[in-house]
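Asker: Quick one: the structure is below, questions incoming.
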Amino acid sequence: MNEPLPQKFFHPDVTAKGEQRASVSFHRLDTLWINTGTLCNIECANCYIHSSPTDDRLAYITAAEAIPYLDEAWDIAARTGAKLPEIGFTGGEPFMNPDMLAMAEEALRRGHEVLILTNAMQPMQRPRVRAGLAALSDMFGPALKLRVSLDHYTEALHDEERGTGSFAKTMEGLRWLAGEGFSLAVAGRTASGEPEQDVRAGFAALFAREGLALDAQNPSSLILFPEMDEKAEVPEITTACWGILHVDPASMMCATSRMVVKRRGAMSPTVISCTLLPDDPQFEMGVTLTESLSPVKLNHRHCAKFCVLGGASCSA
């Protein structure tokens, strides 16, 4: 009688085949992510972080709670001789957080570059938010960058993921940002299965039609993320994979970034290894940034599918 196969992504150090699991050592802090909370104005069909209008398992972080992490990021940069890290804000939808503008201003005043991930829909388009963003743009110019989620260059496929009418609302916000001269990027997805060159060509046509000065061939202007199917068969990453795949572990997101989250009901925020794994306790790295700088064991399918095999990074 055949014995059942060992469970994959179970043991932190050993794969189901008994091989040594790969890990990633901390290299430097290029991006400090702050999760503003999991509440979002929409619910996507396949949301990377399972946000929705009712899911507040990650609570709104406040400016007062974020400031100690900015202080620590400054100290780490000074201690290591590195440049100040970029501060990235993600959600949920960051502009639902009442302190979003205050946190962005605090980071910008300290000399950080700031990246805000947004769907550019109603929360960002409220008059108070538009006025605040315009003021920050006037003060800090290209140090403030917004990355707008636009899953596909066609309305039909974007709305299939995000809901009827979402494409039109996002385009309205994107046109406003471009018209105001914000530094912009767009984040798309590869769910359609098209070759990458076809996706980029489709976005290029959309940008040209809308008069958006975005280069669809530039991976920094149009970031295309692989899909993350939590039920798909994914290989585990061993120490041998770095050589087999010709991948440098220092290029992994967790080598150069950390994310701060505030769990609902928690007394204080905590630091996790990356933007993709806020709900898995084995990727909780400590309460402070300094505590979080230990190696990350790649014991999750997202580590394999999104980062090592997909070559993606939220900081791209």
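Asker: How about residue 169: which lysines have a C-alpha closer than 27 Å to its C-alpha, ignoring those fewer than 8 places off in the same chain?
Answerer: Those lysines meeting the cut-off are 145.
Asker: Which of 47, 40, 303 has the fewest other C-beta atoms within 10 Å, and how do the rest follow up to the most?
Answerer: 47, 40, 303
Asker: Considering only the other residues whose Cβ falls under 10 Å of the Cβ of residue 299, what net charge follows from Lys and Arg at +1 and Asp and Glu at -1?
Answerer: Result for the neighbourhood of residue 299: +1.
Asker: Would you mind checking the pairs 8/305; 83/262; 17/297; 8/297 and listing those with alpha carbons more than 24 angstrom apart?
Answerer: With Cα atoms farther than 24 Å apart: 83/262.
Asker: Hey, another quick one. Can you give the extra length, in nm with one decimal, that the chain gains between residue 45 and residue 287 once fully stretched, where that is 0.36 nm per residue apart less the Cα-Cα distance?
Answerer: Computed gain between residue 45 and residue 287 is 83.9 nm.
Asker: Next question, about the same structure. Tell me the net charge near residue 177. Cut-off is 11 Å between Cβ atoms, residue 177 excluded, with +1 for each Lys or Arg and -1 for each Asp or Glu.
Answerer: Within the 11 Å Cβ shell, the charges total +2.
Asker: In Å, what is the Rg of the alpha-carbon atoms in region 1-124, and how long is Dmax?
Answerer: Cα radius of gyration and Dmax of region 1-124 are 19.1, 66 Å respectively.
Asker: Going by C-beta contacts inside 10 Å, put 109, 79, 258 in order with the fewest on the left.
Answerer: With the sparsest Cβ surroundings first, the list reads 79, 109, 258.
All of the numbers you see were taken from the coordinates with simple rules; none came from a lab. As the structure is a prediction and not an experimental result, all values here were calculated from the model. Note that each Cβ is placed from the backbone with ideal geometry, even for glycine, and that neighbours are counted across all protein chains shown.
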